[in-house]
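Note sheet for the following structure.
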Amino acid sequence: MKTTSLKLSALAAGFILAGCGGGSSSTTSTTQISKISGTVPGTLIEAFCVDGSYYKVTSTDNNTNEHPFEIEIPSTVSCSLVMTTNENDEAKKVITQIGVITSDANGTVFRATGDINLGHIPLAMDPSEINDANGDHVSDDILSIQVDGISIEVELENPLDDDDDGLVNVYEDDDNDGIYNRDDDDDDGDKEIDIDNDLDDDGIDNENDVDDDNDGYADTPLPTAYTADAGKLLGSQCAQCHGTNGVSSTEWDSIAGEDELESEIFEDDEPIMSAQAHGYTSEEIILIGNWLKTLKTND
């Protein structure tokens, strides 16, 4: 597969790195994320990540040829970008694999350590504009963006690309029938409906794939019921002085592992804590004490 290089000025339209943020649609809310943004000529943007997670977004039509987009991906996991123009038109859609070139490496899978602005990406808008030997609307060329002088981790091998041609497995056409794997019920050409352990054809077995149907949500079901820790809930007020989980980062004492709370909480030489204590019943103080006993200290 040929690589088409698109060089972006590091100052004008290069990658711009910033801090990590909160959660994402297909992982938990504590996952660190990076935002990839830019403009495209009307496009579906997809991110396939090496843990099987999947993210997608459609650019915003602003009545120009440069539609803005922003997609959030984990900053701790390597991902590969694919962009599709005219995604709702089977006759005119064009699917393009995005690559990255840096001074250290080039490849189609990378880890974004912060927010990235790709600038404008001039994607093809018609199948006649791309090299497409088998007619599946997937460009045989990789559109690679060259960036210099920034921190981004590019992997030399893409675990989502079994034949190492630069294209993610999802958009391969393994049996060369003009239908890429994702839409092909018989992608190995054996004339039988595929029954396998990789439902989304991303090269990751279902048991190791956190999103094996590529719906943008983790496959692990959310709990339908849970038991709250009353002591932890009541003791959350303690964190204001004694630190998260009772481990202090200031001059206040750490209380993680405290086993004499009931006798110490009303001490006269601790007026602030004593005042707080009067807001709890005896039963609630016992619950807080039992929770503190379970916490680990930094000792």
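The values are calculated or read from the model by the stated rules, or taken from the named source; none is laboratory data. Worth saying up front: this structure is predicted, and the values here are computed from it rather than measured. Note that each Cβ is placed from the backbone with ideal geometry, even for glycine, and that neighbours are counted across all protein chains shown. Just so you know, the surface numbers come from the protein's heavy atoms only, side chains and all, with ligands and any DNA or RNA stripped out. Shrake-Rupley method; radii C 1.70, N 1.55, O 1.52, S 1.80 Å.
Laid out as a table, the results:
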| item | result |
| --- | --- |
| Mean separation of Cα contacts under 8 Å (6+ apart) over length of region 65-177, as relative contact order % | 28 |
| Residues with amide H under 5 Å from that of Gln146, placed H, sequence gap 5 or more | Leu6, Lys7, Leu8, Ile101 |
| Vicinal HN-Hα couplings computed from phi for region 43-55 (Karplus, 6.51 cos²θ - 1.76 cosθ + 1.60; Hz; Gly/Pro x) | 7, 8, 10, 10, 10, 9, 10, 5, 8, x, 6, 9, 9 |
| Peptides ranked, highest mean first, by Cβ atoms within 10 Å: ranges 140-147, 105-112 | 105-112, 140-147 |
| Thr43 long-range amide H proximity, modeled H, under 5 Å | Ser59 |
| Accessible area of Ser249 in the full protein assembly, 1.4 Å probe (Å², nearest 10) | 110 |
| Relative packing of peptides 171-181, 119-129 - highest average C-beta neighbours within 10 Å first | 171-181, 119-129 |
| Surface accessible to a 1.4 Å probe, Asp164 within the full protein complex, Å² | 110 |
| Cα gyration tensor shape for region 57-135, rounded if a/c is under 1.5, else prolate or oblate | oblate |
| Heavy atoms of Ile272: accessible area, 1.4 Å probe, square angstrom to 10 | 90 |
